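Structure first, commentary second.
The values are calculated or read from the model by the stated rules, or taken from the named source; none is laboratory data. Fair warning: this is a prediction, and the values are worked out from it, not measured in the lab. When we count neighbours, we look across all protein chains shown, and the Cβ atoms used for this are built from the backbone with ideal geometry, even at glycine. Accessible surface is based on the protein model in full, side chains and every heavy atom, while ligands, DNA and RNA are left aside. Shrake-Rupley method; radii C 1.70, N 1.55, O 1.52, S 1.80 Å.
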Amino acid sequence: RISGLAHGEYTLRIKGQNAEGQWSEDELRVPLIVVTPVVSRWWFSMLLVFVLLGIVYLFFRIRTQEIKKSKDALEKTVEERTRQLNVSLAEKEILIREIHHRVNNNLQVISGLLELEEKNSTDETLTIRMAEGRNRLRSIALIHQNLYKNKNVAFIEINSFLEGLFRQVKEVFKTDGKPVEISSRVPEMELDIETAVPLGLILNELMTNSFKYAFKAVGEGKIQISMEVLEAGKYELIYKDNGPGLPPNYDPKESQSMGMMLIFDLIRQIGGYVNYEFEAGSKFSLVFTNNKYRKQSD
């Protein structure tokens, strides 16, 4: 079984035996060398390792190049799509700004027409109604004017809007030299236009009522506005003046006046409610939500 020997050097010793059973004294020594197979030699193992490493390296090299080509192609596609999207967004922004500008101009035209009719009217009640309607239009126009100037055409900054609205209402309702001051504690925040328009109209009505009724009985008119975030997308705005307040047993929710009906109708549009109480003057608490919150609730 020479073929079953492990590789190495051997000596095959052979003796002869005659018919009588005697062994010869001499023996034949045949040297055997079982050669180490190629696959078992160290250099073959090293060569095999290098070949395998080379195959792995080539595989990863080719795969890396393929991935790089795919990545470059994807980046070019993304860059092109991004460029097209930016162009589209820029065109859309220009269009929206133009729409806000035209809406503002149209509202100003209508307001101007109402002002002309107001000057020519001899009916005092009708004149007051026209002034109030014109002020409502101007509050909406003020929002669109701010949006046209703002970088973000979908949101309006509340603080600047409140200042502009106060100046606007104060200009319409003359106070005969009586000082009227406004103080606000409103954090820097933005509201979407779907929420800002109804809220602006509500504040316009509250300020109008303060100028028309509350400040007649006081030496100096004061308005306080504060606002806080109750939770994500939900806000509370508190409006106060230092007037005598609403008449006793007067329920604003049951009021038939256009201003109060408008306030309660608008607050429902922005998913909120109004509470009134007397606290050294009229105090209205407005709880409302933004457009995103309302969509999630729906």
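A quick yes/no check of all residues on (1) of a type in the set (F, W, Y); (2) part of a loop (DSSP other than H, G, I, E, B); (3) at pLDDT below 75:
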residue	(1), (2), (3)
L147	no, no, yes
F166	yes, no, no
K174	no, yes, yes
K178	no, yes, no
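A single member of G271, G243, G233 is at pLDDT below 95, open to solvent by less than 80 Å² (accessible area, probe 1.4 Å) and closer than 28 Å to V180 by Cβ, and it is G243. Within region 86-102, residues that are part of a helix (DSSP H, G or I) reach partners that are of a type outside the set (V, I, T) and modelled with pLDDT under 75 with beta carbons closer than 6 Å, at six or more positions or on different chains, in the pairs R97/Y148; H100/H144; H100/L147; H100/Y148; H101/Y148.
When you scan region 225-246, do you find a residue that is among the polar types (S, T, N, Q) and in contact with a Lys or Arg (Cβ under 8 Å, 6 or more places away or on another chain), even just one? Within region 225-246, one or more residues are among the polar types (S, T, N, Q) and in contact with a Lys or Arg (Cβ under 8 Å, 6 or more places away or on another chain).
Quick check: anything in region 42-55 surrounded by fewer than 10 Cβ atoms within 10 Å (Cβ to Cβ) and assigned to a helix (DSSP H, G or I)?
At the first step, the residues of region 42-55 found to be surrounded by fewer than 10 Cβ atoms within 10 Å (Cβ to Cβ) are 42-43.
From the residues that got through so far, the ones that are assigned to a helix (DSSP H, G or I) too are 42-43.
Yes, some residue in region 42-55 is surrounded by fewer than 10 Cβ atoms within 10 Å (Cβ to Cβ) and assigned to a helix (DSSP H, G or I).
Only a single item in (1) under 21 Å from the mean Cα position of the chain (by Cα); (2) open to solvent by 50 Å² or more (accessible area, probe 1.4 Å); (3) farther than 19 Å from L203 by Cβ is not met by A90, and it is number (2). The listed residues are I182, I238, I223, I158, and the only one of them that is in contact (Cβ under 8 Å) with a residue 60 or more places away in the chain and in contact with a strand residue (DSSP E or B) (Cβ under 7 Å, 6 or more places away or on another chain) turns out to be I158.
Looking only at region 14-38, which residues are within 30 Å of L48 (Cα to Cα), assigned to a strand (DSSP E or B) and either open to solvent by 70 Å² or more (accessible area, probe 1.4 Å) or in contact with a Cys (Cβ under 8 Å, 6 or more places away or on another chain) (or both)?
First, the residues of region 14-38 that are within 30 Å of L48 (Cα to Cα): 32-38.
Restricting the remaining residues to those that are assigned to a strand (DSSP E or B) gives 32-34.
The one that is within 30 Å of L48 (Cα to Cα), assigned to a strand (DSSP E or B) and either open to solvent by 70 Å² or more (accessible area, probe 1.4 Å) or in contact with a Cys (Cβ under 8 Å, 6 or more places away or on another chain) (or both): I33.
If you filter region 181-204 down to residues that are out of contact with any helix residue (DSSP H, G or I) (no Cβ under 8 Å at 6 or more places or on another chain) and over 16 Å from K234 (Cβ atoms), you find that the one that is most open to solvent (accessible area, probe 1.4 Å) is R185.
Of all the numbered requirements in (1) more than 24 Å from the chain's Cα centre (by Cα); (2) surrounded by 12 or more Cβ atoms within 10 Å (Cβ to Cβ); (3) modelled with pLDDT of 75 or more; (4) under 27 Å from S210 (Cβ atoms), L162 misses one, and that requirement is (1). Within region 258-268, being open to solvent by less than 80 Å² (accessible area, probe 1.4 Å) and at pLDDT 90 or above holds for I263, F264, D265, L266, I267. For region 103-118, the candidate set comprises residues that are touching a residue at least 24 places away in the same chain (Cβ under 8 Å) and open to solvent by less than 70 Å² (accessible area, probe 1.4 Å); within that set, the residue that is farthest from the chain's Cα centre (by Cα) is S111.
Only one of the listed residues (S226, S297, S282, S255) is of a type in the set (G, A, S) and open to solvent by 70 Å² or more (accessible area, probe 1.4 Å). That residue is S297.
Every condition in (1) at pLDDT below 80; (2) farther than 30 Å from L142 by Cα is met by I94 except one, and the failing one is (2). Residues in region 197-226 that are out of contact with any Phe, Trp or Tyr (no Cβ under 6 Å at 6 or more places or on another chain) and part of a strand (DSSP E or B) were compared, and the one that is nearest to R138 (Cα to Cα) is I223.
Could you list, in sequence order, the residues of region 269-298 that are charged (D, E, K, R) and either touching a residue at least 40 places away in the same chain (Cβ under 8 Å) or touching a helix residue (DSSP H, G or I) at 6+ places or on another chain (Cβ under 9 Å) (or both)? Within region 269-298, K283, K292, R294 meet the criteria.
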